[in-house]
Ligand SMILES: [Zn+2]
């Protein structure tokens, strides 16, 4: 008879062992030994180190078939905090969260990103320090900062790359500047990638393939594949806004090309089209307000924009085979009309296998997606196996 094979996770050090506990499920020393194939004494020493750090805590006793029940241990997300920063063209949203993206204190205010990096980031650091205090935590509890910016970002270096709406920010050392003020590692990414991370990490943690589409003044997407964010070679993966759509060859886009999906289906494009037809609207917000007020012309225009977006997303479905497409951003507040247009085309144009279990849904995190994503990114950095080993060293 064939021997039953057991899946052995190779846990090299304490940092790797900690990864097994990240899901929050309580486990016994014996379970950890079995999962890793390591000796009980090795596991015991490593669990002790994690308990001493506060990152792991006792989680009661496991049920026992006889004798003394064994103790269990689980991840303790409240052990440290991170600062999450979501910067837009005209707003800043900051949150101090625990290591499971639970918001402990937050703040929202109007800023002008065009005021330049020093002004904006100095303000962010001052607000961040105040929020840590407001959350009832000491500055020493802060272990990292995640920042989302409204433009292209070289994630590895944390620097914006020729961002169109951020004068003075090109190639600015955002991590260096904030690190000098707050003294902890700083991670930076574009706002859409962070919205994808935030929605995925908090609402769809068990979904490995997810596409987050932001529909606002511009259109962009964040790609989660095999459970992780995919940024591409230059960080431009998911930049859908300038893909050409059929029947729009005469529509000029702000990028200089014609026929881009953004020039036809963004909130601003729909507002302009409605205005031209005698229905006054200047922004996505105006269009959404008209849809909510029951304006038939606005609803029809939004549904048509959804169909146009659906043409592009059908191609994405063929390329990436996501199981969930989340539609977010201010224009997504137009709700079912936009989703209905998207679904209509995606389900018609994609192969049945790709859409068999595909869900196309509205964002559940709404305006908080970017800040939650900044928290997820900052947390992933400090809880990696290497970071845990360095912390315990
Ligand atoms: Zn364009």
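The values are calculated or read from the model by the stated rules, or taken from the named source; none is laboratory data. Values in this document were obtained by computation on a predicted structure and should not be read as measured data. In this analysis, Cβ positions are derived from the backbone assuming ideal geometry, glycine residues included, and neighbour counts consider all displayed protein chains.
Tabulated data
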{"read-out": "Pairs, first under 23 Å from residue 192 (Cβ atoms) in region 377-393, second in a helix (DSSP H, G or I), C-beta under 7 Å, six or more apart", "value": "377/194; 377/197; 381/387"}
{"read-out": "Considering residues of region 229-249 that are more than 22 Å from residue 345 (Cα to Cα) and exposed (fewer than 15 other Cβ atoms within 10 Å of the Cβ) only, the residue nearest to the ligand (Cβ to nearest atom)", "value": "236"}
{"read-out": "Failed condition for residue 208, given (1) in contact with a strand residue (DSSP E or B) (Cβ under 8 Å, 6 or more places away or on another chain); (2) away from the ligand (no atom under 15 Å from the Cβ); (3) closer than 22 Å to residue 86 by Cβ", "value": "(3)"}
{"read-out": "Residue list for region 83-102, filter: without any contact (Cβ under 8 Å) to a residue 60 or more places away in the chain, farther than 15 Å from residue 191 by Cα and surrounded by fewer than 22 Cβ atoms within 10 Å (Cβ to Cβ)", "value": "98, 102"}
{"read-out": "Yes/no for residue 334 being surrounded by 23 or more Cβ atoms within 10 Å (Cβ to Cβ) and in the same structural domain as residue 96 (by TED's automatic domain parsing)", "value": "no"}
{"read-out": "Region 250-262, residues that are near the ligand (Cβ under 6 Å from one of its atoms) and under 19 Å from residue 284 (Cα atoms)", "value": "253, 260, 262"}
{"read-out": "Unique residue being away from the ligand (no atom under 16 Å from the Cβ), under 24 Å from residue 345 (Cα atoms) and either surrounded by fewer than 15 Cβ atoms within 10 Å (Cβ to Cβ) or in contact (Cβ under 8 Å) with a residue 60 or more places away in the chain (or both) when the list is 307, 303, 292", "value": "292"}
{"read-out": "Looking only at region 14-39, and only at residues there that are assigned to a helix (DSSP H, G or I) and touching a residue at least 60 places away in the same chain (Cβ under 8 Å), the one that is farthest from residue 390 (Cα to Cα)", "value": "19"}
{"read-out": "Qualifying residue in region 170-177 (condition: touching a helix residue (DSSP H, G or I) at 6+ places or on another chain (Cβ under 9 Å) and without any contact (Cβ under 8 Å) to a residue 12 or more places away in the chain)", "value": "no"}
